[in-house]
1. From the phi of every residue in the stretch 24-41, what ³J(HN,Hα) in whole Hz does the Karplus formula 6.51 cos²θ - 1.76 cosθ + 1.60 yield, where θ is phi - 60° and glycine or proline is x?
2. Which semi-axes, in whole Å and largest first, does the equivalent ellipsoid of the chain have when worked out from the alpha carbon gyration tensor as the square roots of 5 times its eigenvalues?
3. By per-residue mean of other Cβ atoms within 10 Å, what is the highest-first order of 92-103, 77-88?
4. Cα convex hull of the stretch 65-117: how many Å³ per residue?
5. Using helices alone, what [θ] at 222 nm do you get for the chain, with -39,500 (n - 2.57) per DSSP H run of 4 or more residues, divided over all residues and rounded to the nearest 500?
6. How many angstrom separate the Cα center of the stretch 1-47 from the Cα center of the stretch 85-100?
7. Hey, what did the stretch 5-130 get for relative contact order, percent, Cα under 8 Å, at least 6 apart?
8. Using Cα atoms only, what is the angle between the long axis of helix 103-130 and the major principal axis of the chain, expressed in degrees (0 to 90) to the nearest 10?
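Quick note: the coordinates plus some simple rules give every number you see, no bench work behind them. Just so it is clear, the structure is predicted and the values come from calculations on it, not from any experiment. For neighbour counting, all protein chains shown are included, and Cβ atoms are generated from backbone atoms with ideal geometry for every residue, glycine included.
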Amino acid sequence: MTVNRTQALVLGFSLLAWLSLLGILFAAPEVLDGALRLPVGNRPAEFGFLVALSAFLALLAVGVVSRWRWIFWLFLIAFLAGILRVPASVLELTGILPSAAPPWYTLLQAAIGVVQFAIGLAMLAGLRKAGTWGAF
C-alpha cells in the first residue's frame, strides 16, 4: 500500500511527537511528571505511560496507512484544534493561567500547536481535492 503526502505528514508528525516525548522523558523527566501529576522520579509510571502512548500511536499509524476514515477525522479535528495551544501558551507565559511547566516547554507546546494547525489545513486541502486521506 502506498502512502501519499498527507499520510506521510501525519505519520512524520506523530513520529516526531513520540521522539520529543522520549527526549523529554530522558532529558527532563520532571516536566513529564508535572504534566502527568506524578511524584518526581516515578519511573514505573513514566515507563507505563510511554508504553501505553506507544501502543496508541502504533494503532493510529496502522489506521493512517490503512486509510481508516475515522482516523482521518480524528486527526483532522485534533490538528485543527492544535491552534488553541497558542493562546493557552500565551496565557500561561503571562501568568493569567497557572503553569507548572518551564517556559521552554510552554513555548514548545505553542510551536507544536502551530505545526498541528498547518497540517490540519493541508489535510483540509487534500479532503477538498480528493476526499479523506487525499493528497494535498
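1. Using θ = phi - 60°, the values come out as 5, 4, 8, 8, 9, x, 5, 5, 5, 4, x, 5, 8, 6, 9, x, 4, x Hz.
2. Over the Cα atoms of the chain, the ellipsoid semi-axes are 29, 19, 10 Å.
3. Ranking, from highest mean packing down: 77-88, 92-103.
4. Output value, Cα hull per residue: 86 Å³.
5. Rounded to the nearest 500, it is -25500 deg cm²/dmol.
6. Centre-to-centre (Cα) distance: 21 Å.
7. Reported relative contact order: 27 percent.
8. Approximately 10 degrees, to the nearest 10.
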